[in-house]
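Worksheet: the structure to be examined is printed underneath.
The values are calculated or read from the model by the stated rules, or taken from the named source; none is laboratory data. Small disclaimer: the values here were computed from a predicted structure and weren't measured. Counting neighbours? That spans all protein chains shown, and the Cβs are built from the backbone with ideal geometry, glycine included.
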Amino acid sequence: MIDILRRLLAPAPEPLTKPDARLALAALLVRVAKTDGLYSAEEVERIDRVLAHRHQVGPFEAAKLRTEAEEIEAEAPDTVRFTQALKAATALEDRAEVMEALWSVALADGQRDALEDRLMRMVATLLGLTDVESAQARQKAVREDEV
């Protein structure tokens, strides 16, 4: 866990390994969930489902990854480094799926918050996505939730 923080805080961070990229995404999901000052059971459950689906792991592995990510997120200084590291570790064509996962968590508690909206705009920009691509990811996350 300390390794990923050390790498992220380095003046010229090295690209993330696959396990660290998983952890960075999980930590970013946790950060998005906590942005509005609440960390609801719905958000925790959504993070676990997103991680299980995205990484093709069972519920226990997903919960373990989220727990590690909660510790990382609490120690991490800023969202920018996580997002930049995640961008470098994620192919352009996969970044919309990352944004969809983030929106899924942001919307899990059934409320839109101005702080969450600001964070999501910043993250989309840092991932190299347009406002339109972010809106499409949000709409897809809403549709997936309704199924």
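Right, Arg46: surrounded by 19 or more Cβ atoms within 10 Å (Cβ to Cβ) and either polar (S, T, N, Q) or touching a Leu at 6+ places or on another chain (Cβ under 8 Å) (or both) or not?
It is false that Arg46 is surrounded by 19 or more Cβ atoms within 10 Å (Cβ to Cβ) and either polar (S, T, N, Q) or touching a Leu at 6+ places or on another chain (Cβ under 8 Å) (or both).
Taking the condition of being surrounded by 21 or more Cβ atoms within 10 Å (Cβ to Cβ), assigned to a helix (DSSP H, G or I) and either of a type in the set (A, V, I, L, M, F, W, C) or over 13 Å from the mean Cα position of the chain (by Cα) (or both), how many residues in segment 100-118 meet it?
Here the count works out to 5.
Restricting segment 43-63 to residues that are in a helix (DSSP H, G or I) and β-branched (Val, Ile, Thr), which is farthest from Ala26 (Cα to Cα)?
Within segment 43-63, the match that is farthest from Ala26 (Cα to Cα) is Val44.
Can you pull out every residue in segment 55-72 that is more than 22 Å from Asp94 (Cα to Cα) and either of a type in the set (A, V, I, L, M) or modelled with pLDDT under 90 (or both)?
Ala63, Ile72
Looking only at segment 49-58, filter to residues that are farther than 12 Å from Ala108 by Cβ and of a type outside the set (A, V, I, L, M, F, W, C); which one of those is surrounded by the most Cβ atoms within 10 Å (Cβ to Cβ)?
Ranking the qualifying residues of segment 49-58, first place goes to Arg54.
Quick check on my filter: what residues within segment 33-43 are aliphatic (A, V, I, L, M) and buried (at least 18 other Cβ atoms within 10 Å of the Cβ)?
Listed by number, the list holds a single entry, Ala33.
Among the residues of segment 64-94, what is the count of those that are without any contact (Cβ under 8 Å) to a residue 24 or more places away in the chain and either part of a helix (DSSP H, G or I) or buried (at least 16 other Cβ atoms within 10 Å of the Cβ) (or both)?
5
Could you tell me which of the residues Glu97, Glu61 is surrounded by fewer than 18 Cβ atoms within 10 Å (Cβ to Cβ) and under 12 Å from the mean Cα position of the chain (by Cα)?
Just a single option satisfies the conditions, and that option is Glu97.
What single numbered condition from (1) within 12 Å of Thr35 (Cβ to Cβ); (2) at pLDDT 85 or above; (3) surrounded by fewer than 21 Cβ atoms within 10 Å (Cβ to Cβ) fails to hold for Val123?
That leaves (3) as the condition not met.
With of a type in the set (D, E, K, R) and at pLDDT 85 or above as the only criterion, which of Arg112, Arg95, Arg81 stands out?
Arg95
May I ask you to list the residues in segment 39-58 that are free of Cβ contacts under 8 Å to residues at least 12 places away in the same chain and either closer than 13 Å to Ala69 by Cβ or of a type in the set (Gly, Ala, Ser) (or both)?
Tyr39, Ala41, Ala52, Gly58
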